[in-house]
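Asks: After the structure tokens below, expect a handful of questions from me.
The values are calculated or read from the model by the stated rules, or taken from the named source; none is laboratory data. It should be emphasised that the depicted structure is a prediction, and the values quoted were computed from it without experimental measurement. Cβ coordinates were reconstructed from backbone atoms using ideal geometry, including for glycine residues, and neighbour counts include every protein chain displayed. SASA here: full protein model, heavy atoms, side chains in, ligands and nucleic acids out. Shrake-Rupley method; radii C 1.70, N 1.55, O 1.52, S 1.80 Å.
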Amino acid sequence: MGQSSSSLSPSPPGSTHHLHRSVVLSSSSSSAGSEALAFRNSKEEVSIEFSEDNSSYIDYTSEIPDDCLAVVFQFLGAGDRKRCSLVSRRWLLVEGQSRHRLALNAQSELQPVIPSIFSRFDSVTKLSLRCDRRSVSIDDNGLILISLRCRNLTRLKLRGCREISDIGMAALAKNCKELKKFSCGSCMFGAKGMNALLDNCSSLEELSVKRLRGINDGGAAEPIGPGAAAMSLKSVCLKELYNGQFFGPLISGAKKLKTLKLLRCLGDWDRLLETVATSDNCLSEVHLERLQVSDIGLSALSNCSNLEILHIVKTPECTNTGVIAIAGHCKFLRKLHIDGWKTNRIGNEALIAIAKHSANLQELVLIGVNPSSISLEAIAINCQKLERLALCGSETIADGEISCIASKCVALKKLCIKGCPVSDEGIEAFAWGCPNLVKIKVKKCRNVTFEVGDWLRARRGSLVVNLDACAVETETVDASASDSGAPEDPVGFPPMMSHAAVAQPDHLASSSSSRASVFKSRFGLFGGRGLVTCTLRRWSNGNSSSNGTS
């Protein structure tokens with residue numbers, strides 16, 4: 001949330017209002033539909049006093065109904081909305097009642113003015129409370145006050161609210177039973193608070209938990225179950241949890257769960273995946289990133305016959321065997337991302353199986369994987385619906401393989417190549433191949449020059465060509481997800497990812513007793529935490545309307 005602020009001073013003579021005192025607001029938004037308003041509060045209540053003398057002007061907006069005025073406000077940016085609220089009492093009232101999204105700086109100074117804030121904004125249904133790590137956040141009393149005044153909340157996001165405990169969460173759950181989406185990060189409440197939320201919010205559909213520090217591995221810790229949300233929960237995302245297995249009953253008990261994201265969580269996840277991935281499950285999207293999961297877990301996921309989206313990112317114990325099982329049973333697979341971490345455990349055998357069984361594949365991302373021309377040709381020939389392809393950090397993808405893609409991938413629309421031994425000769429093949437190609441992006445390929453980019457643009461004027469010919473390849477490519485997206489490329493092509501190069505493991509332990517130590521010591525849990533979003537996330541979002549809901 002932006003921290004820029006503007007002080008609104010009393011109006012000059014002749015205006016239709018004046019202020020009792022100045023109000024300092026902070027706001028950041030690029031669209032009225034997602035406006036966020038933050039207050040830098042003193043302990044003094046916010047008050048605005050308007051002049052009673054209306055004889056000097058004619059209000060031409062008095063004939064506009066409040067509902068129409070509210071619709072007009074929806075088209076304004078955050079700053080214009082704030083200024084409009086100072087025009088008159090009526091505009092102040094309408095603007096406040098028509099604002100459904102609110103983001104507050106949840107420092108402890110906010111607590112005394114909570115009643116006045118939510119007296120004005122009494123229609124808020126989507127609320128974000130954030131506090132930076134160097135400040136003291138609001139406590140249980142503040143959260144209880146908010147929950148009493150926002151009983152119609154459908155979305156709530158808590159970030160860095162470390163003073164909120166199980167008591168505050170229990171009160172929130174009882175007062176805001178219409179919650180559909182809940183997200184928390186770097187908070188200190190525990191299993192009791194989470195269970196209270198799930199037991200009371202029977203409409204909860206999405207749950208995202210990151211660094212929930214109140215859950216420990218002591219004997220008193222209680223497992224987290226689905227509660228009243230068992231039949232409504234559709235998406236669960238767990239990030240950077242030391243004891244994520246406590247959510248096992250929740251994941252296995254959510255009967256309509258469609259999306260499961262397990263990112264950088266400690267512990268062995270094979271057993272949980274075996275419990276969750278039954279033949280009658282509804283899972284259609286699974287993300288596994290930096291997890292201790294093996295082919296056992298992937299083989300269990302192959303029972304998810306409705307699986308459409310699968311991300312396997314930096315899971316060093318996953319091999320060709322697990323991917324082959326997925327390909328053989330998950331016939332509806334549309335999007336597949338594999339970051340092999342250059343361990344060479346996922347390669348040609350897996351890709352040939354994908355080519356053989358995944359006729360519906362539309363998006364394929366291969367990072368740190370070394371395919372041959374045989375497997376790439378098989379994919380190009382058999383996956384006739386393939387529209388988006390990313391090949392990054394591969395030592396075996398050269399001009400021959402790129403020429404094969406250009407000649408065989410007829411449906412391809414977007415291509416991304418990074419850190420591969422490709423030259424101008426390979427890129428020239430796209431002057432005639434891939435007739436539906438819209439965008440091509442080439443980065444950190446030493447032998448590709450700007451001249452071939454200019455030549456390709458001249459040959460295909462409608463093709464967007466983005467070349468980074470002068471970049472020095474000192475980094476490898478990363479598909480790890482993060483909390484915030486990277487800046488968009490000037491030509492609208494999705495951003496590429498990079499991270500510091502990691503050492504390849506000399507040996508991967510096979511026994512379950514040694515897996516955890518190998519995983520922690522050699523790969524680290526939270527290494528590279530500042531990584532940017534996945535290569536094709538923007539592609540996926542932009543094509544969701546035509547390809548179905550992700």
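Asks: Out of all the residues in region 176-190, which are open to solvent by less than 10 Å² (accessible area, probe 1.4 Å) and free of Cβ contacts under 8 Å to residues at least 60 places away in the same chain?
Replies: So in region 176-190, the residues open to solvent by less than 10 Å² (accessible area, probe 1.4 Å) come out as 176, 179, 182, 184-185, 187, 189-190.
C176, L179, F182, C184, C187, F189, G190, listed by residue number.
Asks: What is the number of the single condition among (1) in contact with a Gly (Cβ under 8 Å, 6 or more places away or on another chain); (2) open to solvent by 10 Å² or more (accessible area, probe 1.4 Å) that S232 does not meet?
Replies: Status for S232: all satisfied but (1).
Asks: From the list K418, K413, which residue is touching a strand residue (DSSP E or B) at 6+ places or on another chain (Cβ under 9 Å), among the charged types (D, E, K, R) and closer than 19 Å to W341 by Cβ? Give the steps one after another, and end with the answer.
Replies: Working: K413 fails: closer than 19 Å to W341 by Cβ.
Of the residues listed, the single one that is touching a strand residue (DSSP E or B) at 6+ places or on another chain (Cβ under 9 Å), among the charged types (D, E, K, R) and closer than 19 Å to W341 by Cβ is K418.
Asks: From the set of residues in region 144-175 that are in a loop (DSSP other than H, G, I, E, B) and β-branched (V, I, T), which is most open to solvent (accessible area, probe 1.4 Å)? Break it down into steps so the answer makes sense when it comes.
Replies: First, pick out the residues of region 144-175 that are in a loop (DSSP other than H, G, I, E, B): 150-154, 160-165.
Pick out the ones that are also β-branched (V, I, T) and you get 154, 164.
Details: T154: 35, I164: 3 Å².
Restricting to residues being in a loop (DSSP other than H, G, I, E, B) and β-branched (V, I, T), the top hit is T154.
Asks: Scan region 311-335 residue by residue and report those that are touching a residue at least 60 places away in the same chain (Cβ under 8 Å) and of a type in the set (K, R).
Replies: Step one: filter region 311-335 for residues touching a residue at least 60 places away in the same chain (Cβ under 8 Å), giving 311, 313-314, 316-317, 334-335.
Within region 311-335, K314, R334, K335 qualify.
Okay, residues lined up against (1) without any contact (Cβ under 8 Å) to a residue 40 or more places away in the chain; (2) under 21 Å from G185 (Cβ atoms); (3) part of a helix (DSSP H, G or I); (4) out of contact with any Pro (no Cβ under 7 Å at 6 or more places or on another chain):
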{"position": "L76", "(1), (2), (3), (4)": "no, no, no, yes"}
{"position": "D80", "(1), (2), (3), (4)": "yes, no, yes, yes"}
{"position": "W91", "(1), (2), (3), (4)": "yes, no, yes, yes"}
{"position": "V94", "(1), (2), (3), (4)": "yes, no, yes, yes"}
{"position": "R99", "(1), (2), (3), (4)": "no, no, no, yes"}
{"position": "D122", "(1), (2), (3), (4)": "yes, no, no, yes"}
{"position": "R133", "(1), (2), (3), (4)": "no, yes, no, yes"}
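Asks: Name every residue in region 249-260 that is closer than 23 Å to E222 by Cβ and either in a loop (DSSP other than H, G, I, E, B) or open to solvent by 10 Å² or more (accessible area, probe 1.4 Å) (or both), in order of residue number. Before you say what the answer is, go through the steps one by one.
Replies: Within region 249-260, the subset closer than 23 Å to E222 by Cβ is 249-255, 257, 260.
Residues satisfying the conditions are P249, S252, G253, A254, K255, L257.
Table: residues versus (1) open to solvent by 10 Å² or more (accessible area, probe 1.4 Å); (2) farther than 20 Å from A325 by Cα.
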| site | (1), (2) |
| --- | --- |
| I354 | no, no |
| S358 | no, no |
| Q362 | yes, no |
| S375 | no, no |
| E387 | yes, yes |
| L391 | no, yes |
| A398 | yes, yes |
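Asks: Name every residue in region 208-222 that is in a loop (DSSP other than H, G, I, E, B), at pLDDT 90 or above and touching a helix residue (DSSP H, G or I) at 6+ places or on another chain (Cβ under 9 Å), in order of residue number. Write out each step before concluding.
Replies: Applying the first criterion (in a loop (DSSP other than H, G, I, E, B)) to region 208-222 yields 211-222.
Checking which are at pLDDT 90 or above leaves us with 211-212.
Result: L212, single match.
Yes/no matrix, rows are residues, columns are (1) within 23 Å of Q74 (Cβ to Cβ); (2) at pLDDT 95 or above; (3) over 24 Å from the mean Cα position of the chain (by Cα); (4) charged (D, E, K, R):
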residue	(1), (2), (3), (4)
S128	yes, yes, no, no
D139	no, yes, yes, yes
I144	no, yes, yes, no
G160	no, yes, no, no
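Asks: Hey, another quick one. Can you find a residue that is touching a helix residue (DSSP H, G or I) at 6+ places or on another chain (Cβ under 6 Å) and not in a strand (DSSP E or B) anywhere in region 407-415?
Replies: Scanning region 407-415 turns up at least one residue that is touching a helix residue (DSSP H, G or I) at 6+ places or on another chain (Cβ under 6 Å) and not in a strand (DSSP E or B).
Asks: Only one of E95, E109, E63 is loosely packed, with under 14 Cβ neighbours inside 10 Å, acidic (D, E) and over 28 Å from the mean Cα position of the chain (by Cα); which?
Replies: Details: E95 fails: loosely packed, with under 14 Cβ neighbours inside 10 Å; E109 fails: loosely packed, with under 14 Cβ neighbours inside 10 Å.
Of the residues listed, the single one that is loosely packed, with under 14 Cβ neighbours inside 10 Å, acidic (D, E) and over 28 Å from the mean Cα position of the chain (by Cα) is E63.
Asks: Could I ask something else about it? For K181, which of the numbered conditions (1) more than 18 Å from A228 (Cα to Cα); (2) basic (K, R); (3) in contact with a Ser or Thr (Cβ under 8 Å, 6 or more places away or on another chain) fails to hold?
Replies: Unmet for K181, out of (1) more than 18 Å from A228 (Cα to Cα); (2) basic (K, R); (3) in contact with a Ser or Thr (Cβ under 8 Å, 6 or more places away or on another chain): (1).
Asks: I need the full set of residues from region 420-449 which are open to solvent by less than 10 Å² (accessible area, probe 1.4 Å) and on the phi > 0 side of the Ramachandran plot, in order please.
Replies: Of everything in region 420-449, just one residue is open to solvent by less than 10 Å² (accessible area, probe 1.4 Å) and on the phi > 0 side of the Ramachandran plot, namely C434.
Asks: Further question: Return yes when E222 is more than 28 Å from K258 (Cβ to Cβ), open to solvent by 50 Å² or more (accessible area, probe 1.4 Å) and more than 23 Å from the chain's Cα centre (by Cα) and no when it is not.
Replies: Numbers: more than 28 Å from K258 (Cβ to Cβ): no; open to solvent by 50 Å² or more (accessible area, probe 1.4 Å): yes; more than 23 Å from the chain's Cα centre (by Cα): yes.
For E222, the condition - more than 28 Å from K258 (Cβ to Cβ), open to solvent by 50 Å² or more (accessible area, probe 1.4 Å) and more than 23 Å from the chain's Cα centre (by Cα) - is not met.
Asks: L415 passes all but one of (1) over 26 Å from the mean Cα position of the chain (by Cα); (2) open to solvent by less than 10 Å² (accessible area, probe 1.4 Å); which number fails?
Replies: Going through (1) over 26 Å from the mean Cα position of the chain (by Cα); (2) open to solvent by less than 10 Å² (accessible area, probe 1.4 Å) one by one, L415 breaks only (1).
Per-residue answers, yes or no, for (1) open to solvent by less than 20 Å² (accessible area, probe 1.4 Å); (2) modelled with pLDDT under 95; (3) in contact with a strand residue (DSSP E or B) (Cβ under 7 Å, 6 or more places away or on another chain):
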site: D280; (1), (2), (3): no, yes, no
site: L298; (1), (2), (3): yes, no, no
site: C318; (1), (2), (3): yes, no, yes
site: G328; (1), (2), (3): no, no, no
